[in-house]
1. Tell me yes or no: at least one residue of the stretch 80-91 is modelled with pLDDT under 90 and surrounded by fewer than 10 Cβ atoms within 10 Å (Cβ to Cβ).
2. So if I check each of K105, K74, K60, K66, which one is at pLDDT below 85, basic (K, R) and closer than 24 Å to I16 by Cα?
3. What number goes with the only condition from (1) surrounded by 15 or more Cβ atoms within 10 Å (Cβ to Cβ); (2) outside any strand (DSSP E or B); (3) β-branched (V, I, T) that I46 does not pass?
Amino acid sequence: MAMTNEKKKGILLIVIGICIPLFALPFVSGFDINKGFMDNFYNTGIRITKDTGQPAVSVKDAAPEKSRNPLNPKNMRIEKIPFRLFLVPTILLIYIGIVMIERAKIRKKP
């Protein structure tokens with residue numbers, strides 16, 4: 001049973017799709033074993049802001065009018081990349097790989 005190029009490409013896409021979240025996994029934080037699946041799914045991510053160890057300044061204690069503005073760049077800062085965003089290309093690549101393998105089987109039969 002020889003492997004066609006389509007089948008090899010499909011297997012490669014599946015392997016790449018599986019490797020994407022595995023390579024990101026060591027950098028993920030926010031997982032709590034006591035929480036449920038959906039809490040962990042929505043709250044885990046890769047933190048990209050530096051934790052200074054100081055308590056955050058509340059909006060009331062900061063400058064009166066400027067900090068209350070929701071469009072203030074300090075309020076719009078991204079703190080972490082959700083881990084679920086790494087799962088999207090995984091699902092797509094695995095699906096495309098499976099379809100490519102199936103199409104190679106259909107072409108081989110006649």
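1. No.
2. Details: K74 fails: closer than 24 Å to I16 by Cα; K60 fails: closer than 24 Å to I16 by Cα; K66 fails: closer than 24 Å to I16 by Cα.
Residue meeting the stated conditions: K105.
3. For I46, the failing item is (2).
The values are calculated or read from the model by the stated rules, or taken from the named source; none is laboratory data. Model, not experiment: these values are computed from the prediction. A quick note on method: Cβ atoms are made from the backbone with ideal geometry, for glycine too, and the neighbour counts reach across all protein chains shown.
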